[in-house]
Amino acid sequence: MQICGIDDAGRGSMLGPLVIAGISLEKKNLRKLTALGVKDSKKLSSKSRKILYKKIIEIVDDYYITKIPPRSIDASVKKHLLNYLEAKYMAKVVSKLDADASYVDSCDVKPLRFGKEISLLSDGHKIKSYHHADSRFVVVSAASILAKVTRDKAIEKLNKSHNLGSGYPSDSTTVKFVTKYYKKNHIMPVFVRKSWKPVQKIMGKN
């Protein structure tokens with residue numbers, strides 16, 4: 001029986017992509033992930049995540065990573081469809097990996113509703129949707145590591161030409177960068193999510 005795990009990274013960020021990653025493997029091989037020390041990416045150091053990333057992709061049967069660019073995020077937020085956008089991308093991963101059952105970390109307050117949406121968008125695949133799935137199921141923890149490492153790489157790349165910190169609104173370096181950039185250029189860089197409340201505030205659109 002093929003099991004798939006899917007998670008996202010960078011949802012709360014003011015800039016950069018929202019990354020969705022999925023992995024699939026035989027149910028009997030789940031313990032191999034546990035043996036590696038795979039757990040929710042938030043509980044691991046950046047170095048551990050990078051090491052585990054390589055080991056995970058060697059163990060799994062298949063994996064798929066996709067990035068949602070800021071302009072798509074902004075277009076969805078305008079229509080209050082961010083959860084739908086994420087469900088759509090998760091469905092893409094589900095269809096690609098085509099496992100018997102897929103475990104997803106729900107960003108919707110109603111995990112059941114979110115799971116149904118992904119199932120509809122992926123032609124009726126079996127979806128098991130939970131809150132905190134990344135800390136409850138090792139298959140989702142593994143996906144969370146792939147998503148986080150990919151997201152960190154995207155931010156590192158941006159940091160080569162700008163000093164923009166982690167991208168999160170709680171990071172003063174990020175807020176300072178976005179504020180300064182807008183004051184100087186009167187527009188936002190393409191990698192900033194213009195629909196985010198902290199960004200709207202900087203742009204004076206309250």
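General remarks:
- Linear extension gain, residue 34 paired with residue 2, 0.36 nm per residue minus alpha-carbon span: 9.9 nm
- Distance between the modelled labels on residue 43 and residue 197, one decimal in nanometres: 2.9 nm (7 Å Cα→Cβ projection).
- Taken one residue at a time, the phi angles of the range 112-122 give Karplus couplings (6.51, -1.76, 1.60, θ = phi - 60°) of 5, 4, 4, x, 5, 4, 5, 4, 4, 6, 10 Hz. Gly and Pro are set to x.
- Scanning residues 5 or more positions from residue 62 or on other chains, those with amide H under 5 Å from its amide H are 24, with H placed 1.01 Å from N in the peptide plane.
- Separation of the range 2-25 and the range 80-112, taken as the distance between their Cα centroids, equals 10 angstrom.
- q = 0.20, 0.21 Å⁻¹, the range 75-206: log10 I(q)/I(0) [Debye, one scatterer per Cα]: -1.15, -1.19
- Between residue 51 and residue 116, residue separation times 0.36 nm minus the direct Cα-Cα distance comes to 20.0 nm.
- Remark on residue 126: its backbone amide H falls under 5 Å from those of 102, a criterion applied only to residues 5 or more positions apart or on other chains, H modelled at 1.01 Å from N.
- Relative contact order of the chain, taken over Cα pairs closer than 8 Å and 6 or more residues apart, is 31 percent.
- 13 Å beta-carbon shell around residue 144, net charge (K/R +1, D/E -1): +2
- Shape category assigned to the range 1-157 from the gyration tensor of Cα positions, a/c cut at 1.5: oblate
- Maximal additional length on extending the residue 79-residue 96 stretch stands at 3.4 nm, based on 0.36 nm per residue less the C-alpha distance.
- Cα gyration tensor shape of the range 163-206, rounded if a/c is under 1.5, else prolate or oblate by comparing a/b with b/c: oblate
- Peptides 21-28, 76-83 ordered by packing proxy, namely the average of other Cβ atoms within 10 Å per residue, highest first: 21-28, 76-83.
- Relative contact order computed over the range 105-177 (Cα-Cα under 8 Å; 6+ residues apart), in percent: 19 percent
- Largest to smallest in accessible area, the residues 63, 53, 168 fall in the order 63, 168, 53 (1.4 Å probe, all protein chains included).
- Relative contact order for the range 32-127: 23 percent, from Cα pairs under 8 Å spaced at least 6 residues apart, divided by residue count.
- The Cα atoms of the range 38-83 give a gyration tensor whose axes a ≥ b ≥ c have a/c of 1.5 or more with a/b greater than b/c, which makes the shape prolate.
- Whole-percent carbon and sulfur share, accessible surface of the chain, 1.4 Å: 53 percent
- The chain - mean residue ellipticity at 222 nm from DSSP helices (-39,500 (n - 2.57) per run, n ≥ 4, rounded to 500): -15500 deg cm²/dmol
The values are calculated or read from the model by the stated rules, or taken from the named source; none is laboratory data. The structure presented is a predicted model; accordingly, all values stated were derived computationally and were not measured. Glycine also receives a Cβ, built like all others from the backbone with ideal geometry; neighbour counts cover every protein chain displayed. Protein only, heavy atoms only, side chains kept; ligands, DNA and RNA dropped before computing areas. Shrake-Rupley method; radii C 1.70, N 1.55, O 1.52, S 1.80 Å.
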